1. Using Cα-Cα distances under 8 Å and only pairs 6 or more residues apart, what relative contact order does region 13-82 have, in percent?
2. Using the Karplus curve 6.51 cos²θ - 1.76 cosθ + 1.60 with θ = phi - 60°, work out ³J(HN,Hα) for each residue of region 117-124 in order, rounded to whole Hz, and write x for Gly and Pro.
3. For Val99 and Leu30 in one chain, what is 0.36 nm times their gap in residues minus the Cα-Cα distance, to one decimal in nm?
4. Over region 13-82, consider all pairs of different Cα atoms and compute the Kirkwood hydrodynamic radius from their mean reciprocal separation; express it in Å, one decimal.
5. Between region 114-185 and region 12-65, what is the C-alpha centre distance in whole Å?
6. Pop out the ³J(HN,Hα) list for region 153-163 in order, Karplus 6.51 cos²θ - 1.76 cosθ + 1.60 with θ = phi - 60°, rounded to Hz; leave Gly and Pro as x.
7. Once amide H atoms are placed 1.01 Å from N in the peptide plane, what residues at a sequence separation of 5 or more from Thr196, or on another chain, have their amide H within under 5 Å of its amide H?
8. Quick check on packing: order 154-163, 41-50 by the mean number of other C-beta atoms within 10 Å, highest mean leading.
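Throughout, read-outs are computed from the coordinates displayed, never taken from laboratory work. Keep in mind that this is a model prediction, so the values were computed, not measured. Here the Cβ positions follow ideal geometry from the backbone for every residue, glycine too, while neighbour counts run over all protein chains shown.
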Amino acid sequence: MLALRPSSNGSAGRIVFLDYLRIFAFASVLAGHKFHAPVEAAAHAESGGWRWPARAVWPLIEGGGAGVVVFFLVSGYIITQVLQREGTAEFLIKRMARVYPLYVVAVLTECVLMRTRGQMPAAGDLLAQLLLVGDAFATPYALAGVEWTLRLEMLFYALMACLRAAGMTHARRGRWLIALYLLVCAALYAWGPWATHTDWTRGYITLYCPSCCWGRPSGCVSGAPLAGPCWGWWW
């Protein structure tokens with residue numbers, strides 16, 4: 001059973017288990033970025049005392065993969081609950097207001113710094129980066145590459161907005177979403193890896209989009225009682 005932590009205003013608190021998932025995801029991503037090289041070396045060593053512990057944790061931290069999956073699962077679950085109470089327009093406006101202002105400032109700041117080194121991106125690439133639609137145009141990633149996570153999030157928000165407009169996000173239709181999830185996964189893998197314009201993120205949408213989608217039917221099937229004030233702390 002998911003424990004709820006009471007909020008200060010007396011309403012339902014946030015789900016504590018999701019806090020634990022976020023802590024695990026953060027630790028996995030941090031370890032994958034900061035300790036990738038030594039853990040990989042130890043895991044592939046022929047001998048040594050750290051070989052077996054490194055091999056045990058390597059699948060969890062390689063590229064932060066396990067943490068990334070958990071982050072997207074939680075995001076998919078929570079967004080489904082948010083859509084129990086928000087309309088399509090309200091949902092899109094709030095999501096864009098949370099992502100774009102700070103993101104645009106960060107990208108433009110990066111462009112200013114790049115210009116001082118004579119590395120200003122092309123106008124078309126910059127526009128695609130600012131709009132987070134670069135995968136449709138094979139555009140390089142901004143912000144040292146971390147833009148890819150936001151591209152996937154915005155794609156997921158667009159999909160969820162379409163489902164909300166079609167009335168498919170209500171808790172009573174959660175089981176239909178499971179069938180839709182399976183259809184989306186099948187379509188992604190039939191289509192082949194996407195995006196493919198860089199080696200290090202090759203197929204990341206095909207790989208991680210199902211994680212977002214899986215949180216979607218899970219959030220609906222769990223029922224409406226989990227929706228409500230307990231989600232306000234996130235969004």
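1. Values: 65 pairs, mean separation 27.6, N = 70.
So the answer I get is 39 percent.
2. Going residue by residue, I get 9, x, 10, 4, x, 5, 4, x Hz, with x marking Gly and Pro.
3. On the way: separation 69, 0.36 × 69 = 24.84 nm, distance 2.19 nm.
The Val99-Leu30 span can extend by a further 22.6 nm.
4. Numbers: mean 1/r = 0.0766 Å⁻¹.
When all Cα pairs of region 13-82 are included, the Kirkwood radius is 13.1 Å.
5. 26
6. Couplings: 4, 5, 5, 5, 4, 4, 4, 5, 5, 5, 5 Hz.
7. HN-HN under 5 Å from Thr196: Gly203.
8. Values: 154-163: 18.4, 41-50: 11.7.
Result, highest mean Cβ count within 10 Å first: 154-163, 41-50.
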